[in-house]
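Visitor: Here it is, the structure, as structure tokens.
Laboratory data are not the source of any read-out in this text; all were calculated from the coordinates shown. None of these values were measured; they are calculated from a predicted model. All Cβ positions, even for glycine, are placed from backbone atoms using ideal geometry, and neighbour counts span all protein chains on display.
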Amino acid sequence: MTHHHLDLLDPEERKKLREYVMGNKDFHISHEPTFFYEAMDWVHRQWDHHGINQAPAGSSTLDILKRAASGERFRCVEYASVTRDVLIAFGHPARSVNILSADADYGGAGKGHMGTEVWSDHLDKGCSWIHSLIAIR
């Protein structure tokens, strides 16, 4: 199966992001799904959730991580996009998923969430998307 999700980051962006992440975390990148869990947990620990603070328009994942390292907090949207891009940077097809409650159109704030899915060829199911909802802290 061809995954175009890897194309979300150009090769230079993937390289810079991978170098940044590896400079901050020693991942066991050789095994699925252990790497997926470690990557998701690492992103989760980069900042505390802030339900309103949106990253500036045009911010790259590397920009968001650097801002978080200086104490800035972000939404679940940024958790999802950073997790997706970290997984992609290490060669794993991934995508962000928007999750809305049934009354999202009429319920106001807090009626949606963003998550990330990563593709795995190594589970007993044969091949599948693994869904992650990063816990908000």
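Visitor: Hey, what do the phi angles of region 36-44 turn into as Karplus ³J(HN,Hα) couplings, whole Hz, using 6.51/-1.76/1.60 and θ = phi - 60°, x for Gly and Pro?
Guide: 4, 5, 5, 5, 5, 5, 4, 4, 3
Visitor: What is the set of long-range amide H partners of His49 at a cut-off below 5 Å, with H atoms built 1.01 Å from backbone N?
Guide: It is Arg137, by chain and number.
Visitor: So how far apart, in nm, are the two label points at Asp26 and Ser59 if each is 7 Å from Cα heading toward Cβ?
Guide: 3.0 nm
Visitor: Calculate one ³J(HN,Hα) per residue across region 48-64 by plugging θ = phi - 60° into the Karplus curve 6.51 cos²θ - 1.76 cosθ + 1.60, and present them in order as whole Hz with x for glycine and proline.
Guide: For region 48-64, the Karplus-derived couplings read 7, 4, 9, x, 10, 5, 8, 4, x, 3, x, 5, 7, 4, 4, 4, 4 Hz, x marking Gly and Pro.
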